[in-house]
């Protein structure tokens, strides 16, 4: 699942080397935190959030086949560290 999210995100952004996905396993739910380069955040969110919504829909469909629930969080990179920050939906 993690590789699936990375594949989609890397196809959308200008700097695929800055794409990272962190997987946080829970009992019934897995949270995937997607981080991209600062200039690429808008590309994975899309106009009106449509791209992010579509990625979440695909993730939900694939995870349902495995009997689990998955949540995609898009993490905004902070200017100081460049890797972590606020979550955006």
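Under the condition of being part of a helix (DSSP H, G or I) and surrounded by 18 or more Cβ atoms within 10 Å (Cβ to Cβ), the residues counted in segment 13-27 number 1.
Residues that are surrounded by fewer than 19 Cβ atoms within 10 Å (Cβ to Cβ), in contact (Cβ under 8 Å) with a residue 12 or more places away in the chain and under 10 Å from the mean Cα position of the chain (by Cα) do occur in segment 28-36, at least one of them.
Take residue 9 and tell me if it is more than 10 Å from the chain's Cα centre (by Cα) and buried (at least 16 other Cβ atoms within 10 Å of the Cβ). When the stated conditions are applied, residue 9 does not pass them. Could you check segment 39-52 and list, in sequence order, the residues that are surrounded by 14 or more Cβ atoms within 10 Å (Cβ to Cβ) and outside any loop (DSSP other than H, G, I, E, B)? If the condition is that a residue be surrounded by 14 or more Cβ atoms within 10 Å (Cβ to Cβ) and outside any loop (DSSP other than H, G, I, E, B), then 40, 41, 43, 44, 45, 51, 52 are the ones that fit. Please count how many residues of segment 55-80 are more than 19 Å from residue 14 (Cβ to Cβ) and part of a helix (DSSP H, G or I). Residues in segment 55-80 being more than 19 Å from residue 14 (Cβ to Cβ) and part of a helix (DSSP H, G or I): 10 in total. Of all residue pairs spaced 6 or more apart or on separate chains, those with beta-carbon atoms under 9 Å, a first member in segment 46-61 that is on the phi < 0 side of the Ramachandran plot and free of Cβ contacts under 8 Å to residues at least 12 places away in the same chain and a second member that is surrounded by 14 or more Cβ atoms within 10 Å (Cβ to Cβ) and outside any helix (DSSP H, G or I) are 53/46; 54/46; 60/69; 60/70; 60/71; 60/72.
Every test in (1) part of a helix (DSSP H, G or I); (2) modelled with pLDDT of 95 or more is passed by residue 33 save one, and that test is (1).
The values are calculated or read from the model by the stated rules, or taken from the named source; none is laboratory data. Computed from a predicted structure; not experimentally measured. When we count neighbours, we look across all protein chains shown, and the Cβ atoms used for this are built from the backbone with ideal geometry, even at glycine.
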